[in-house]
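Below is one structure; the comments refer to it alone.
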Amino acid sequence: MSNLVGIEYNRVTNTTSTDFPGFSSSGENAWDVEKFRETFDIQISSLTEREANFDLVHVDTSIANAFRRIMISEVPAVAAEYVYFLNNTSVIQDEVLAHRIGLIPLKADPDMLTWIDQSLPEEEKFNDENTIVLTLNVKCTRNPNAPKDCTDPKILYNNAHVYARDLKFEPQGKQLETFANCPVVPCDPDILLAKLRPGQEISLRAHCILGVGGDHAKFSPVATASYRLLPHINITQPIKGELAEKFQKCFPQGVIGINAENEAFVKDARKDTVSREVLRHEEFEGKVKLGRVRDHFIFNVESTGAMTPEEIFFKSVRILKNKAEYLKNCPIGQ
């Protein structure tokens, strides 16, 4: 079986195997750890505090997809779960404002908290080891020094806009020492929560706990975690002159180059989106074959800011490893 998924004008070929993942009728199919170690590769294209782009090469789709799903729904993160309103005279209802606060990514290390014991009564559930308390106390008043002809509410009023940065961390118990060097703050301080006018006020306390994205999207540490297969372009016949320029325009910029002999060549297949535009033109029929490499996955992981993308990926690997160990040692796996 070819290692390429075929991309044709009206169909996609060679997408699956009929026996088991990674099966090849023309090769040795026994699992070999040493062979995997020799062929497996990770290539990092870009890495920042919020986003990572890397390649996993020579792994099965089931493994790559497991990493993607775990990063989205099983890596723990911290978010507001319980919001207690003391006063809210704004136009936003309590439940809507609570939902907005819950979706604010927090710069809080999840490893510094423990899981809440749901079997305990409500008054015993929360302590300084499993809960972070944030407070919001904002009141809108008129600005006596505002110019008479001004119409900007930010100048006319004090606290006209309530932002995520207005949420203040209130250490409990040992948290004053535990979080001394890393106080909990919103990852994006300029998220707008509400708009107030003179006389309106918001006063609340939010209890933030550990959770996973499988329970609620607010606990997901990633904004996006996706992958695509590496595009493959094979020019089977020379394409020169004006046809080369037309051929180049059928692909995104940077995919196809034209050499000194005015002949088209594949410059960077990675940039291709596999739109199949080139297959619409009769003059290129039989001159190019499109495909994707079956076991080459281009990952893009964008963090919400609570953790770096590489930390999220490492945690997904650890979680998958623990799942495999559990399955190996449980009675069903014996």
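In segment 227-248, the residue that is surrounded by the fewest Cβ atoms within 10 Å (Cβ to Cβ) out of those that are over 34 Å from the mean Cα position of the chain (by Cα) and assigned to a helix (DSSP H, G or I) is Glu242. The set of residues from segment 135-154 being touching a strand residue (DSSP E or B) at 6+ places or on another chain (Cβ under 8 Å) and open to solvent by 100 Å² or more (accessible area, probe 1.4 Å) comprises Asn137, Lys139, Arg142, Lys154. Please verify whether segment 285-303 includes one or more residues that are at pLDDT 90 or above, within 19 Å of Pro110 (Cβ to Cβ) and of a type in the set (S, T, N, Q). Among the residues of segment 285-303, at least one is at pLDDT 90 or above, within 19 Å of Pro110 (Cβ to Cβ) and of a type in the set (S, T, N, Q), which makes the answer yes. The residue list Glu263, Glu277, Glu282 contains one member that is outside the structural domain of Val12 (by TED's automatic domain parsing), more than 20 Å from Ile7 (Cα to Cα) and surrounded by fewer than 17 Cβ atoms within 10 Å (Cβ to Cβ), which is Glu263. Going by the structure shown, is Asp215 part of a loop (DSSP other than H, G, I, E, B), without any contact (Cβ under 8 Å) to a residue 40 or more places away in the chain, under 22 Å from Tyr84 (Cβ atoms) and out of contact with any Leu (no Cβ under 6 Å at 6 or more places or on another chain)? Yes; evaluated as a whole, the condition is true for this residue. Tallying residues that are open to solvent by less than 50 Å² (accessible area, probe 1.4 Å), in a strand (DSSP E or B) and not hydroxyl-bearing (Ser, Thr, Tyr) within segment 293-322 yields 9. The single residue among Ala180, Ala223, Ala194, Ala206 that is in contact with a Ser or Thr (Cβ under 8 Å, 6 or more places away or on another chain), open to solvent by 50 Å² or more (accessible area, probe 1.4 Å), hydrophobic (A, V, I, L, M, F, W, C) and outside any helix (DSSP H, G or I) turns out to be Ala223.
Scan segment 84-141 for residues that are among the β-branched types (Val, Ile, Thr) and under 16 Å from Gln175 (Cβ atoms) and jot them down.
Thr114, Ile116, Thr131, Ile132, Val133, Thr135
A search for C-beta distances below 8 Å between a residue of segment 91-109 that is assigned by TED's automatic domain parsing to the domain that holds Phe179 and any residue that is surrounded by 14 or more Cβ atoms within 10 Å (Cβ to Cβ) and of a type in the set (Ser, Thr, Tyr), counting only pairs 6+ apart in sequence or on different chains, returns Leu97/Ser90; Pro105/Thr304.
Only residues that are over 12 Å from Asp295 (Cα atoms) and aliphatic (A, V, I, L, M) were counted across segment 43-71, and they come to 6.
The values are calculated or read from the model by the stated rules, or taken from the named source; none is laboratory data. Being a predicted model, the structure only gives us computed values, none of them experimental. Quick reminder, even Gly has a Cβ in these numbers, built from the backbone with ideal geometry, and neighbours come from all protein chains shown. All accessible areas refer to the heavy atoms of the entire protein, side chains included, with ligands and DNA or RNA removed. Shrake-Rupley method; radii C 1.70, N 1.55, O 1.52, S 1.80 Å.
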